[in-house]
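Taking it in order: structure first as structure tokens, then the write-up.
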Amino acid sequence: MSVLSDKSIRKLVLEEEMISPFVDKQVREGKISYGLSSFGYDARVADEFKIFHNVNSSIVDPKQFSSDNFVTKKSSEYIIIPPNSFALGTTIEVFKIPRDIMCIVVGKSTYARTGIIVNVTPIESEFFGTVTLEFSNTTPLPAKIYANEGVAQFLFLKGDKAPETSYADRKGKYMGQTGVTLPKV
């Protein structure tokens, strides 16, 4: 496996529409950067969030997760995550991963340096859709997440050969997702 460079990513975007909308360069001016970088793509978070709350004293169960555990907020500027809590968001960008590519996502250092962890599972070959992002506020203080700005870097890995079975072949449960998607079993 090898990590794709900006040139290879640009080529896949042109030939296979791998990222849409695609920003061909880093945008920084007063924003948390997003767009094409040397060896990856810095994705943006959209303006809709689901912020976790425990008003109902629920138990978090990934097999029977209740949407009642979240408050949905739409903001073109930012949202506030309560101390020691988390929120879900989604990428602005839609990803269409080719069969011989997989993607690892890491949080941006700007957020990491303020105690906010951005978590995303690997994006498998032939996944299509927006990507749900999880923001954990590990601090004892409220924390801001800025809508329409960079939050995570997507690193694309090209396999030596295509996998025998892709995410699309398995009919992955998150295939084609749009918006913030809660856990499914």
| query | From the list LYS108, LYS144, LYS96, which one is among the basic types (Lys, Arg) and either touching a Pro at 6+ places or on another chain (Cβ under 6 Å) or surrounded by fewer than 15 Cβ atoms within 10 Å (Cβ to Cβ) (or both)? | reply | LYS144
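Yes/no matrix, rows are residues, columns are (1) part of a loop (DSSP other than H, G, I, E, B); (2) more than 22 Å from THR181 (Cα to Cα):
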position	(1), (2)
LYS7	no, yes
ARG10	no, yes
LEU14	no, yes
ASP24	yes, yes
LYS31	yes, yes
ASP42	no, no
LYS50	no, no
ASP61	yes, no
| field | Which listed residue, of SER136, SER166, is buried (at least 17 other Cβ atoms within 10 Å of the Cβ), farther than 26 Å from VAL27 by Cβ and at pLDDT 95 or above | value | SER166
| For residues in the stretch 66-103 being assigned to a loop (DSSP other than H, G, I, E, B) and of a type in the set (Asp, Glu), which is farthest from GLU15 (Cα to Cα)? | GLU77
| task | Have a look at ALA112, ALA87, ALA46 and point out the one that is small (Gly, Ala, Ser) and free of Cβ contacts under 8 Å to residues at least 40 places away in the same chain. | result | ALA112
| field | Selection within the stretch 50-92 - in contact with a Ser or Thr (Cβ under 7 Å, 6 or more places away or on another chain) and within 26 Å of MET18 (Cα to Cα) | value | LEU88, THR90, THR91
| Hey, does the stretch 121-128 have a residue that's surrounded by 18 or more Cβ atoms within 10 Å (Cβ to Cβ) and in contact (Cβ under 8 Å) with a residue 60 or more places away in the chain? | no
| query | Before we move on, is GLY30 modelled with pLDDT under 95 and either farther than 25 Å from PRO83 by Cα or aromatic (Phe, Trp, Tyr) (or both)? | reply | yes
| request: Report, by residue number, each residue of the stretch 2-24 that is in contact with a helix residue (DSSP H, G or I) (Cβ under 9 Å, 6 or more places away or on another chain) and of a type outside the set (Gly, Ala, Ser). | output: LEU4, MET18, ILE19, PHE22, ASP24
| task | Tell me, yes or no, whether the stretch 28-39 has at least one residue that is in contact with an Asp or Glu (Cβ under 7 Å, 6 or more places away or on another chain), β-branched (Val, Ile, Thr) and over 30 Å from ARG99 (Cα atoms). | result | yes
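The values are calculated or read from the model by the stated rules, or taken from the named source; none is laboratory data. Note that the coordinates shown come from a computational prediction; the quantities given were computed from them, not determined experimentally. All Cβ positions, even for glycine, are placed from backbone atoms using ideal geometry, and neighbour counts span all protein chains on display.
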